[in-house]
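Inspection log for the structure reproduced underneath, given as structure tokens.
The values are calculated or read from the model by the stated rules, or taken from the named source; none is laboratory data. Given the structure is predicted, the values throughout are model-derived calculations rather than measurements. Because the Cβ atoms are built from the backbone with ideal geometry, glycine has one as well, and the counts that use them run over all protein chains shown. Keep in mind that these areas ignore ligands, DNA and RNA; they rest on the heavy atoms of the full protein, side chains included. Shrake-Rupley method; radii C 1.70, N 1.55, O 1.52, S 1.80 Å.
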Amino acid sequence: MDSAYLHNSVFNIELKRRELEQQHLNRQESVRWFETNYRVFSKKSAFTCLCCNKPVNMNLTKDEGRPFYFRHNDESECSYSENTRTYDKHVSKLEDKSKKDIGLTIFREILEGELKLFDVEIERGYHYKKKLSFIPDFIIKFPNSEERWAIDYFTAIDQGLTSGSYARHLSKRMKTYKEEGFKPFSFVDYSWLSYIEETNKGTLLTAETYITSKTHEDYQWDTFLDRNVKGGLLDFFTQFTGSTFKEFNSRNIAYVDVFNRVCTIFRFIPIGQNDRNITFYKLSSSEIPLARALAMNADHNHFVLSNENEDEFRNDFLKVLIEKKQKFELEQQRLREEQERIRVEEERIKQEEEMQRARLRVEAVKMQKLRQKAKELDDEQVEREMQERAKRAALRPIEVHPEYWNQRSQKYYKYSNYIYQQNPPVTINKKTEDNIDKKKKEKVRDLLLSQPISGELYIDGDKKAWRTVILKWIKENQSDDSLVVSLQKVISYMKSEGISFNQNDKLVKYTIKNFIEFYEKTIKAELKKKIELSIQE
């Protein structure tokens, strides 16, 4: 027990010890001060228990960190002593004691100042004259009334996170308060507020959910949301937030920054839940001085905590939600239009490619006919040569050996035909091949300069101009049957040749890659020449 009656006033020995520490007295000096000033009162049984009024003895512990306390002279127990032990056990196990001590000092100071006019009694929970299984930090009693408020300030809500033990502890605590007739008010240290302003979403541990509350304003929010967020707007809200809940259940939780004496009330609706935590969507929030939050409301039945009427917040929430829906629908419309544009463009390119393939098939038929004609010309030439040989053989006398006659004929043919000697005859086959090769190359060039290429709209100017530049680059960089292409180098080369783009380089690379792959396929198909192509970014 840290308090006892002395001369009909409550004397808090632990609070007095902390005051001496702030005056820079060490442990030994503090003990000596109490011995000098109060030990005689303890010997005369002047200190009595707040609960049972029995004499209590002052115990001054010498170990640093341990509190000073009172104990019954006869070492008996009462509800005060048992409640104190239960409370200390819970605090040491589940709370940040140093922060809690500072916070409760500030809470008491503010409560006594704000509630002084109402003649209420504010006492520590362990002073309650009945044994409790869960002890509040403060109990507020009202004159001429059975109403009692239980005030708690929680500093370490993540205890037993994996096992869920702390969540069960708080669940039982709130249930016990209600069974004892207490009206619970819970405050959580501000360090546990987790909220992302950009998404308007936050996270509550399962333990935190047991110390939320539902006030008149929360019910007003439920009614407002049910009436205004429905149909298409409800579908959008569910999709936009990812909510898995089918009903609105507005609640609020109070966070306190004791060092700055500020209270933040978050009003929210749950939108997702698992075993460890829930995801919430913020409806409104109010940041007010802690003194105002702990002031009595106009009906004298609740703390003020936040704005008592949030109609403006509700209207703003609905307005923002409708604007988000309209913006989302506009973006979806633009996306559909862009997809349709891309589909039409792809369809156009597909049709052009099909037309090009048809032209290539026609050209292939023409080339086949030319090759057939060349073959026929070759066959005619061979036939004429065979006839000429037969004529020479027919002129050979019987007595002349064929080999000798052939040598003589060849010699005669060699030296008698002067024109042949001066201008070796070019065979029809050779001329035809040259003409065919020339036509093929011209055809290939025409194809490369005219064939539609996917993405060519990304490049400014006449398509023949930029294609000619790329072909020039290929000619300068191709090695025999091998071609290594750096798309970035090609782009730089094109820019140096005065070619400009209307899209970024990343998109233009796509067009250039398509053209070079078409070049490789065309060379292979038309000139029967295979190129080892390697394309790099």
For residue 443, go through the aspartates and glutamates and keep the ones whose alpha-carbon is under 16 Å away, minus same-chain ones fewer than eight residues off.
363, 433, 434, 520, 526
Enumerate the whole-percent occupancy of each 10 Å bin, from 0 to the last occupied one, for all C-alpha pair distances of segment 222-355.
10, 27, 25, 17, 9, 6, 3, 2, 0
Tally up the carbon and sulfur contribution to the accessible surface of the chain as a whole percent, 1.4 Å probe, everything protein left in place.
49 percent
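Please give the length that would be gained between residue 220 and residue 10 if that part of the chain were fully extended, namely 0.36 nm times their separation in residues minus their C-alpha to C-alpha distance (nm, one decimal). Don't jump to the answer; show the numbers that get you there.
Numbers: separation 210, 0.36 × 210 = 75.60 nm, distance 4.34 nm.
Gain on stretching residue 220 to residue 10: 71.3 nm.
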Rounded to the nearest 500 deg cm²/dmol, what is the calculated helix-only ellipticity per residue at 222 nm for the chain, with -39500 (n - 2.57) per DSSP H run of length n ≥ 4?
-18000 deg cm²/dmol
Going by Cα centres, segment 210-247 and segment 319-387 are how many Å apart?
54 Å
Please say if segment 249-326 is rounded, prolate or oblate, where rounded means a/c under 1.5 for a ≥ b ≥ c the square roots of the C-alpha gyration tensor eigenvalues, and otherwise the choice is prolate for a/b larger than b/c and oblate otherwise?
oblate
Taking a cut-off of 23 Å between Cα atoms, list the lysines near residue 97, but don't count ones fewer than 8 places away on the same chain.
16, 62, 89, 131, 172
Can you tell me the orientation of helix 487-496 relative to the chain, as the angle in degrees between its alpha-carbon axis and the longest Cα principal axis, to the nearest 10?
70 degrees
Specify the longest stretch of the chain that does not include any exposed loop site, a site being one of the chymotrypsin sites (Phe, Trp or Tyr not before Pro) with a non-H, G, I, E, B DSSP assignment and at most 15 other Cβ atoms within 10 Å.
260-537
Dimensions (Å) - the chain, Cα atoms, principal axes, largest first
168, 57, 41
Give, in nm to one decimal, the length gained when the segment between residue 52 and residue 392 is fully stretched (0.36 nm per residue of separation minus the Cα-Cα distance).
107.3 nm
I want to check the label-to-label distance for residue 322 and residue 146. Put each point 7 Å from Cα in the C-beta direction and report it in nm to one decimal.
4.9 nm
Give me the accessible area of residue 91, 1.4 Å probe, in Å² rounded to the nearest 10.
10 Å²
Taking a probe of 1.4 angstrom, what is the accessible area of residue 155 in Å², to the nearest 10?
10 Å²
Förster radius 22 Å - calculated FRET efficiency between residue 438 and residue 377, Cβ distance, rounded to 0.05:
0.85
With every protein chain present, what is the per residue accessible area of the chain (1.4 Å probe, Å²)?
60 Å²
Accessible area, probe 1.4 Å, largest first, for residues 39, 17, 71, 168:
168, 71, 39, 17
By how many degrees, between 0 and 90 and to the nearest 10, does the Cα long axis of helix 216-228 differ from the longest principal axis of the chain?
30 degrees
Can you give the FRET efficiency to the nearest 0.05 for residue 168 and residue 298, using r as the Cβ-Cβ distance and R₀ = 51 Å?
0.85
With Cα atoms, 0 to 90° folded angle of helix 402-416 axis to the chain main axis:
90 degrees
Kindly sort 109, 82 by accessible area of their heavy atoms, largest first, with the probe set to 1.4 Å.
109, 82
